[in-house]
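Visitor: Handing you a structure now.
The values are calculated or read from the model by the stated rules, or taken from the named source; none is laboratory data. Everything numeric in this text was worked out from a predicted model, so none of it was measured. Please note: Cβ atoms are built from the backbone with ideal geometry, for glycine as well, and neighbour counts cover all protein chains shown. Surface accessibility is based on the protein's heavy atoms, side chains included, excluding ligands, DNA and RNA. Shrake-Rupley method; radii C 1.70, N 1.55, O 1.52, S 1.80 Å.
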Amino acid sequence: MPLARTRAAAIPPAAAGLLLLLLVTGVSLVGHEGSRAARVLAMLVPVFIWLRWPIVSTWWRRLRLVIVSLTLGMFVLDGVVRAYMLDRYQAVPESAMVLAAVANTTSREMTEYAQSMGNILWIGLLGSGVALCAVFALTGMSGRHQAPLSRSARWWLIGILVVCCIAFAGKHWRRYHPTIYWSTWATSVANLRANWANQEEERSQLLRNAQKANPRVTSATTSTVVLVISDSVNRDNMSLYGYGRSTTPGLTALSKELEGRWLTLPHAWSTAAGTWASLSGVFSFGQRGQGAPAGDTQHVLAIARAAGYQVWWVSNHDDIAIEQQHGMLAHSVQTINRQPGRGSASLDGDVLRPLQAALTHPAPRKLIVLHLLGAHPDYRRRAPADLNPFTADDAVDAAMARDGRPLWLRKTRLDYDTAISYHDSVVSETVRLTRQHTPANGEAAWMYISDHGQEVGHSANRAGHSAATEAGYKIPAMAWRSSKPFPATAAHRAFRADWAGWLLTDLMNIEWATMEPKRNVLADHYAWEAPHLPLDGVRFDR
Ligand SMILES: [Zn+2]
């Protein structure tokens, strides 16, 4: 093919190398965001250095052509797949949604999916094919007839290589290399499949346990109960609980307006400082803490189902374990957030629409669980960017300064309080919607807790989840019901999150033979037992 050879030679190696660099970095930048893109580009550097290194041996040049083309081809495909997922699902491949979808998919569903994509699939395949051919051709062109490198240029390139090698020693740098990333990804999918087999068995066991307990609804009327579970909200940062900044005007107003039928539990504590362990306790009536479930463990959602409630699970978390362990016990599961980890930015207000849909469902007995991100780090992502309700020159900031809290932490507290402030608007709206949809001639109830607290310069110079300080366990807890007032004594009692199931089943009017009313904060004979926290000298009634 003399013509092709002439044309190929018409692009000088340096220009071919530059085109190749532009092509590969361009595709990678579309598929990766922010600092991740920088890491991916850094991984390309050694490949391009090798490509520029003058090699005399034809055999070595051919080997290099194959290896470099394959490597760069992988980066291109990686970028294309990621760009597609970001564009179509606003999701990264390791998000719970994508992993779950892939782990759940049969070959028939795969075919259906490909058919439903229609032209996009063919355009994507064609585009990827063209890009791969271009990578292969440009690699070949840039690898021939290279000018020798000067001595200093060689040392520079070796220096850059050493820096890259040091960077790749760190796991966070390596993990986005396509070979490492996608093999880890494939392992995650396989593990998920294996894990689900067990969880499914666990869920059926929980449903059998609930059937055996034979729970029944004691009231004859229709009923709607909404459970709001938030994340990382410290009650000390809510003005409802006496905080200096007006972070919860909505809930404060509701507590006054609905006085009597509204309950704010002043001394509420979580029994774990992390989501998974805390929610295990919340849903299992305290039977399931850090460890595995016992043979006779009950689950609130299974009990609700066995008693005849239709159950919804609406979540702004992207968390497979929580969804598998709790959410999937519901009849309907809806996950709004598709970006995993601390960086995700899906606002809790997005759960209001599915809440409204569930509230208008005709089922006579409904339990709707909302799992919010609350004030989970990163705090700035938990509220709209233009929300700035507080300034740093107030009494809260002055008190922090007196306690020796550094400036960055005081700024972080502002972000945290802003998150609580937005959270207040969402949570208040869930109350309003629940009340508005109280069934005619029936009753409605609403309950709210946070899974655990958060340390934001309350007693230490740090911000985040905190197993070692009280701030990590101080949670808000509140309830409202339409049917009758709450007993006045309840409003002074200490409360622990892993007993929340007893309050919730009371709001649902569910009873069964082996239940333990002494752990129900509304019961006459409530018998408080302090939880075992890894802290000394906690006064739980304060
Ligand atoms: Zn949490």
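Visitor: Can you tell me how many residues in region 50-107 are open to solvent by 20 Å² or more (accessible area, probe 1.4 Å), at pLDDT below 80 and among the hydroxyl-bearing types (Ser, Thr, Tyr)?
Guide: 4
Visitor: Something else about it: Pick out the one residue from Thr412, Thr418, Thr438 that is among the polar types (S, T, N, Q) and within 28 Å of Pro362 (Cβ to Cβ).
Guide: None of the other options fit; the residue is Thr438.
Visitor: Read through the list (1) open to solvent by 70 Å² or more (accessible area, probe 1.4 Å); (2) modelled with pLDDT of 90 or more, then give the number of the only condition that Glu201 fails.
Guide: Every condition holds for Glu201 apart from (2).
Visitor: Within region 455-467, how many residues turn out to be open to solvent by less than 50 Å² (accessible area, probe 1.4 Å) and within 16 Å of the ligand (Cβ to nearest atom)?
Guide: 5
Visitor: Going through Ala304, Ala253 one at a time, which residue ends up being more than 16 Å from the ligand (Cβ to nearest atom), open to solvent by 10 Å² or more (accessible area, probe 1.4 Å), out of contact with any helix residue (DSSP H, G or I) (no Cβ under 6 Å at 6 or more places or on another chain) and not charged (D, E, K, R)?
Guide: Criteria check complete, one pass: Ala253.
Visitor: Test each condition in (1) assigned to a helix (DSSP H, G or I); (2) closer than 27 Å to Ala477 by Cβ; (3) of a type outside the set (Lys, Arg); (4) modelled with pLDDT under 95 for Pro377 and report the one that comes out false.
Guide: Looking at each condition in turn, Pro377 falls short on (1).
Visitor: Taking region 490-542 as the region of interest, how many residues are over 23 Å from Lys212 (Cβ atoms), loosely packed, with under 15 Cβ neighbours inside 10 Å and not acidic (Asp, Glu)?
Guide: Residues in region 490-542 being over 23 Å from Lys212 (Cβ atoms), loosely packed, with under 15 Cβ neighbours inside 10 Å and not acidic (Asp, Glu): 12 in total.
Visitor: Exactly one of (1) closer than 28 Å to Ala399 by Cβ; (2) within 16 Å of the ligand (Cβ to nearest atom) is unmet by Tyr243. Its number?
Guide: That leaves (2) as the condition not met.
Visitor: If you don't mind, there's one more thing I want to ask. Only one of these is under 30 Å from Gln356 (Cα atoms), assigned to a helix (DSSP H, G or I) and within 16 Å of the ligand (Cβ to nearest atom): His452, His423. Name it.
Guide: The conditions single out His423.
Visitor: Can I ask one more? Restrict the check to region 219-230 and report whether at least one residue is under 30 Å from Ala398 (Cβ atoms) and either of a type outside the set (Val, Ile, Thr) or without any contact (Cβ under 8 Å) to a residue 24 or more places away in the chain (or both).
Guide: Checking region 219-230: at least one residue is under 30 Å from Ala398 (Cβ atoms) and either of a type outside the set (Val, Ile, Thr) or without any contact (Cβ under 8 Å) to a residue 24 or more places away in the chain (or both).
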